[in-house]
Amino acid sequence: MSMITMREAISQALWEEMERDEKIFILGEEVGVWGGTYAVTKGFLDHFGAERVRDTPIAESAIVGAAIGAALAGMRPVAELMTINFAFVAMDHIVNQAAKMHYMFGGQMKLPLVIRAPGGGGRQLAATHSQTPDAIFAHFPGLKVVAPGTPEDAKGLLKASIRSDDPVLFIENATIYQQRGEVPEGDYVIPIGESKIQREGRHVTLVTYSKMVQYSLQAAEKLAQEGIEVEVIDLRSLRPLDMQPVIASFKRTNRAVIAEEGWLSFGVGAEVAARLYQEAFDYVDAPIRRVAQKEVPLPYNRRLEQLALPQVEDIIQAVREVLK
Amino acid sequence: MEKKEYLELYRQMITIRRLEETAAELYQKGEIGGFLHLYIGQEAVSTGILATRQPQDRVITAYRDHGVAINAGILVRNVMAELLGKTTGCSQGKGGSMHMADVDKNYWGGHAIVGAHIPIATGLALADQMEKRAAVTICMFGEGATNIGFFHEGVNLAKTWNLPVLWVCENNRYGMGTSPERASAVSAIIQKACGYGMPAYDVDGMDVLAVKDIVAERLEEIRAGSGPQFLEICTYRFRGHSMGDPEKYRSPDEVKKFVENGPIDRFQKYLLEQGLCGQAEMDQIMQKVEEEIEQGVKFARESPEPEDAALFEHIYVDDNQRGEA
């Protein structure tokens with residue numbers, strides 16, 4: 001095992017996969033000469049060359065559209081969107097083309113395509129650049145939506161995404177690129193569609209993913225000091241959504257909190273809660289609680305922005321509520 | 001060109017015509033659902049475009065796609081079966097009229113979001129360039145598609161990377177009911193190619209041989225590394241945009257003018273005049289086409305409906321989940 005950052009984990013996965021398979025190439029804004037807006041592809045251009053590390057115009061439909069076409073024709077493109085906020089500009093190609101083509105043409109077209117997109121709030125970028133719209137993309141059958149919360153998962157899941165023959169939206173959170181974690185040595189792949197228990201506990205099931213994994217673990221740590229044992233389950237992908245470990249945990253704890261960074265309404269928490277009520281209604285000892293972003297466009301002002309974003313304290317509070 | 005090649009073009013054009021007329025009848029009877037966009041009047045366009053393409057050349061088009069399907073080599077019966085939503089359809093009954101494809105024939109669809117397939121064509125050509133294949137991607141779209149952002153993003157990138165694409169604007173004069181004069185900053189669509197530094201040509205889309213010849217030249221140049229080129233083909237659709245078109249945007253006289261000088265009549269006349277084909281031979285070809293259409297309808301009608309299980313098939317290649325998120 002070695003301690004590396006989230007950024008390094010993602011970068012390593014890309015690098016190792018590109019070394020393994022010549023069909024893999026990267027395209028996106030500033031991925032080459034600049035070295036990646038978040039420096040994920042730093043050094044790639046020198047090593048892999050301009051054919052495989054392609055700077056594009058600022059034209060997200062062209063980026064995703066061209067990636068789709070190249071994937072159809074046998075390549076394995078990894079398209080980088082500078083931020084997930086720009087995915088809306090390419091929305092048709094993501095949800096209406098990539099997610100549909102295998103099905104709509106009767107299975108004859110394959111799209112081994114990854115779209116990497118960092119998102120998340122908390123960097124004072126104001127409303128248009130700070131969103132966590134993950135749930136929107138998870139709405140569409142045909143698209144896989146992966147959103148890891150630890151370096152180990154990021155590396156293993158990105159490799160799985162690149163090796164998948166289906167289109168994958170790989171959502172990163174830009175505020176945790178510096179977060180460190182232990183990563184196994186060598187080549188490993190984590191299958192898409194398996195939730196993971198990140199911390200065991202017997203009092204409350206805390207379901208989360210992406211950036212909120214660390215927040216949830218911090219909350220669990222604090223609560224442990226009071227003897228409250230929280231089980232933290234990381235969904236790791238929103239579609240496929242692996243509810244099995246969540247339901248199993250809930251049947252032991254009978255209480256659940258769901259923590260996500262995106263907005264509350266129609267969010268991941270709503271989906272998970274609905275499924276828990278349906279699959280394990282007889283086990284419910286308290287109303288399931290959701291922790292999420294307040295229903296406002298994120299403001300620039302630092303204090304206001306932090307007020308809108310879910311905090312560790314909000315998670316602790318919600319856990320206490322379900323234990324009442 | 002040999003006589004049999006002329007006759008093959010003729011056969012394809014009347015196959016499309018009769019296929020579309022038959023589809024219209026089946027639509028009226030309720031056997032075909034959804035939208036139906038007929039290619040009647042535009043047969044010379046796709047027939048001419050595909051006449052000289054090599055097997056490695058890709059073709060991708062918009063939703064008025066039955067003609068290209070026939071020219072690409074999909075059998076009438078598989079087109080009919082798709083229209084009737086059967087498993088024997090070229091997209092297994094999941095795509096319908098607007099989403100026909102056959103990847104083995106390098107026909108990449110049938111795309112129904114206006115212009116969205118244009119950047120996808122850029123990507124198809126990118127793969128060929130990266131893999132050093134001597135292939136050209138032929139991307140067809142209507143003049144209406146040149147007003148949407150996808151067009152500009154797609155052609156800009158293709159030119160920036162010098163990709164082997166032939167952009168074919170099939171100008172049938174109306175995007176639904178709106179003419180370029182009412183929707184485009186420049187009504188001469190060909191001018192739009194200048195902004196992207198592409199060689200641009202136009203041709204009469206009612207003349208199958210003219211279309212064939214100019215496309216052959218363009219394909220040769222692009223294959224030799226010219227980068228993308230642009231071709232505007234002027235044509236006219238004889239029927240409405242789709243089956244429910246009140247046609248308030250054009251006069252019967254205007255339609256009549258084009259119909260009287262239609263691509264099939266014109267080519268028939270040419271074949272007879274040039275002595276490439278006699279009336280008897282022409283009738284014989286028509287007879288065979290009629291039989292093929294008739295058998296195609298029979299095949300489509302008798303083909304099985306998809307099983308319920310097909311609902312959850314082909315959502316993903318990696319079959320680790322079916323239907324549920």
Item to check | Checklist (1) touching a residue at least 60 places away in the same chain (Cβ under 8 Å); (2) away from chain B (no Cβ under 11 Å); (3) of a type outside the set (S, T, N, Q) applied to A:Arg76, failing item | outcome: (2)
Checklist outcome for this item: Taking the range A:156-183 and keeping only residues that are away from chain B (no Cβ under 14 Å) and either of a type in the set (Asp, Glu) or within 12 Å of the chain's Cα centre (by Cα) (or both), one is left with A:Leu158, A:Phe170, A:Ile171, A:Glu172, A:Asn173, A:Ala174, A:Ile176, A:Glu182
Checklist entry - How many of the residues making up the range B:228-246 are farther than 30 Å from B:Leu163 by Cα and within 22 Å of the chain's Cα centre (by Cα)? => result 9
Next on the checklist: So, in the range A:1-25, how many residues would count as being surrounded by fewer than 17 Cβ atoms within 10 Å (Cβ to Cβ) and part of a strand (DSSP E or B)?
Outcome noted: 2
Item to check | Residue satisfying all of: in the range B:72-107; more than 16 Å from B:Ala23 (Cβ to Cβ) and away from chain A (no Cβ under 12 Å); farthest from the chain's Cα centre (by Cα) among these | outcome: B:Gly73
Item to check | Yes/no for B:Pro252 being within 14 Å of chain A (Cβ to nearest Cβ) and not charged (D, E, K, R) | outcome: no
Checklist entry - Can you tell me which residues in the range B:32-89 are crowded, with 24+ Cβ neighbours inside 10 Å and of a type in the set (Ser, Thr, Tyr)? => result B:Tyr39, B:Ser46, B:Thr47, B:Thr61
Checklist entry - Can you tell me which residue in the range A:136-155 is nearest to the other protein chains (Cβ to nearest Cβ), limited to those that are in contact (Cβ under 8 Å) with a residue 12 or more places away in the chain and in a helix (DSSP H, G or I)? => result A:Ala138
Checklist outcome for this item: Checking A:Gln317, A:Gln306, A:Gln311 in turn, the sole residue that is in the same structural domain as A:Glu231 (by TED's automatic domain parsing) and without any contact (Cβ under 8 Å) to a residue 40 or more places away in the chain turns out to be A:Gln317
Item to check | strands (runs of 3 or more DSSP E) lying entirely in the range A:192-252 (those with 3 or more residues that are touching a residue at least 60 places away in the same chain (Cβ under 8 Å) and either surrounded by 18 or more Cβ atoms within 10 Å (Cβ to Cβ) or away from chain B (no Cβ under 14 Å) (or both)) | outcome: A:204-208, A:237-239
Checklist outcome for this item: Subset of the range A:281-307, residues aliphatic (A, V, I, L, M) and surrounded by 20 or more Cβ atoms within 10 Å (Cβ to Cβ), comes to A:Ile288, A:Val291, A:Ala292, A:Leu298
Next on the checklist: Against the conditions (1) in contact with a Leu (Cβ under 8 Å, 6 or more places away or on another chain); (2) more than 7 Å from chain A (Cβ to nearest Cβ), where does B:Gly123 fall short? Just the number, please.
Outcome noted: (2)
Next on the checklist: Of the residues A:Gly32, A:Gly65, A:Gly74, only one is modelled with pLDDT of 95 or more and assigned to a helix (DSSP H, G or I); which?
Outcome noted: A:Gly65
Next on the checklist: If I filter the range A:26-33 for residues that are more than 19 Å from A:Phe86 (Cβ to Cβ), crowded, with 20+ Cβ neighbours inside 10 Å and either away from every other protein chain (no Cβ under 14 Å) or not basic (Lys, Arg) (or both), do I get at least one hit?
Outcome noted: no
Item to check | So B:Gln54, is it away from chain A (no Cβ under 14 Å), in a helix (DSSP H, G or I) and in contact with a helix residue (DSSP H, G or I) (Cβ under 9 Å, 6 or more places away or on another chain) | outcome: no
Checklist entry - Within the range A:88-108, can one find any residue that is facing another protein chain (nearest Cβ under 10 Å), surrounded by 24 or more Cβ atoms within 10 Å (Cβ to Cβ) and among the polar types (S, T, N, Q)? => result yes
Checklist entry - Under the condition of being in a loop (DSSP other than H, G, I, E, B) and basic (Lys, Arg), which residue from the range B:72-100 is nearest to B:Lys288 (Cα to Cα)? => result B:Lys86
Next on the checklist: Here is a list: A:Phe105, A:Phe86, A:Phe137. Which entry is over 28 Å from A:Ile176 (Cβ atoms) and aromatic (Phe, Trp, Tyr)?
Outcome noted: A:Phe105
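The values are calculated or read from the model by the stated rules, or taken from the named source; none is laboratory data. Small disclaimer: the values here were computed from a predicted structure and weren't measured. All Cβ positions, glycine included, derive from the backbone under ideal geometry; neighbour counts span all protein chains shown.
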